[in-house]
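Engineer: One structure, pasted below without further comment.
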Amino acid sequence: MMQACLPSASRLWEQRLFVHVETRRRARWHWATLLIVSVCVVCFVGLALTPAPQRISLLLEWGTVPANIFDAHEPLLPQLTDPALLRLFTALFIHVTWLHLLGNLLFLVIFGLPGERALGSLRFLSLFVLGGIVANLIGALSLAGVRLPIIGCSGAVSAVVGTYVALFPRARLGLVLPLGLYLEFVRVPAFLLIGIWVLLQLLLSYAGASYGAYVWWAHIGGFVFGLVFALFSRDAIARRLRG
């Protein structure tokens, strides 16, 4: 239902690089976005089927609980070698409400599918995982001592959005929307969708105590990581768009 105008993205790269880019498109199977969505859905269903007391234990065990990772009164560097940092990764796939899950996955698909085509599946998966880990790390550092879990892939999705905007700032995304009794294909500026993403995060800030208002630094950190990731990936992406 959602796709980006990649020919326009390719032309944009041609203008940026000031060279003529010959495109020789080959069929590629893009699997990373599908994999991420599948893992998030499976984890959500698994948690939903778990009795409430066990569910809370799982959230505290596998979510990013700042107080369990960082001690504000201890030196930071030794703490960065703690195996508990694995929770920065596992927390990305944990959602406890369908609204939280749907909001994250919707924007992951909107920006992830065209982003994955440009980056390639492996590089895109690295962006999602590393961006999410960095976002959760920043969130945990900003909330050292807090015992509520940071969960969900909002920080990782913010990294994906940041990379996409840095690479294709004037892009328009093609969406199929229900307008009245019909489905209508419309082209929406990427920045408008980013505004909706920010608004959604504001709304989710009041939807639960375990995410939202507490982790704005994680969202910001993820977005900035995405911008930096795009900067260091430009040459590789240019070569990919040529081929």
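The values are calculated or read from the model by the stated rules, or taken from the named source; none is laboratory data. All figures in this text were calculated on a predicted structure; none of them were measured in a lab. Every residue, glycine among them, receives a Cβ derived from its backbone with ideal geometry; neighbour counts consider all protein chains shown.
Engineer: How many residues are part of a strand (DSSP E or B), among the hydrophobic types (A, V, I, L, M, F, W, C) and modelled with pLDDT of 65 or more when one looks only at the range 153-185?
Structural biologist: 1
Engineer: Is it true that some residue in the range 65-85 is crowded, with 16+ Cβ neighbours inside 10 Å, at pLDDT below 95 and in a loop (DSSP other than H, G, I, E, B)?
Structural biologist: yes
Engineer: Continuing with this model, one more query. Can you confirm whether the range 118-131 contains a residue that is farther than 13 Å from PHE223 by Cα and in contact with a Gly (Cβ under 8 Å, 6 or more places away or on another chain)?
Structural biologist: yes
Engineer: Just give me the residues in the range 125-152 being closer than 17 Å to LEU34 by Cα, touching a residue at least 24 places away in the same chain (Cβ under 8 Å) and either in contact with a Phe, Trp or Tyr (Cβ under 7 Å, 6 or more places away or on another chain) or surrounded by fewer than 24 Cβ atoms within 10 Å (Cβ to Cβ) (or both), in sequence order.
Structural biologist: LEU125, LEU127, VAL129, GLY152
Engineer: Also, I was wondering about something else. Give me the residue from the range 208-243 that is surrounded by fewer than 16 Cβ atoms within 10 Å (Cβ to Cβ) and assigned to a loop (DSSP other than H, G, I, E, B) and, out of that set, modelled with the lowest pLDDT.
Structural biologist: Filtering first and then ranking leaves ALA209.
Engineer: Exactly one of these conditions fails for CYS43: (1) at pLDDT below 90; (2) more than 30 Å from PRO169 (Cα to Cα); (3) touching a helix residue (DSSP H, G or I) at 6+ places or on another chain (Cβ under 9 Å); (4) not aliphatic (A, V, I, L, M). Give me its number.
Structural biologist: (1)
Engineer: Can you confirm whether ARG123 is at pLDDT 90 or above and among the basic types (Lys, Arg)?
Structural biologist: yes
Engineer: Turning to a different aspect of this structure: How many residues does the range 98-117 hold that are touching a helix residue (DSSP H, G or I) at 6+ places or on another chain (Cβ under 8 Å) and either surrounded by fewer than 24 Cβ atoms within 10 Å (Cβ to Cβ) or over 25 Å from TRP217 (Cβ atoms) (or both)?
Structural biologist: Count: 13.
Engineer: Within the range 88-97, which residues are at pLDDT 90 or above and out of contact with any Leu (no Cβ under 8 Å at 6 or more places or on another chain)?
Structural biologist: PHE89, THR90, ALA91, LEU92, PHE93
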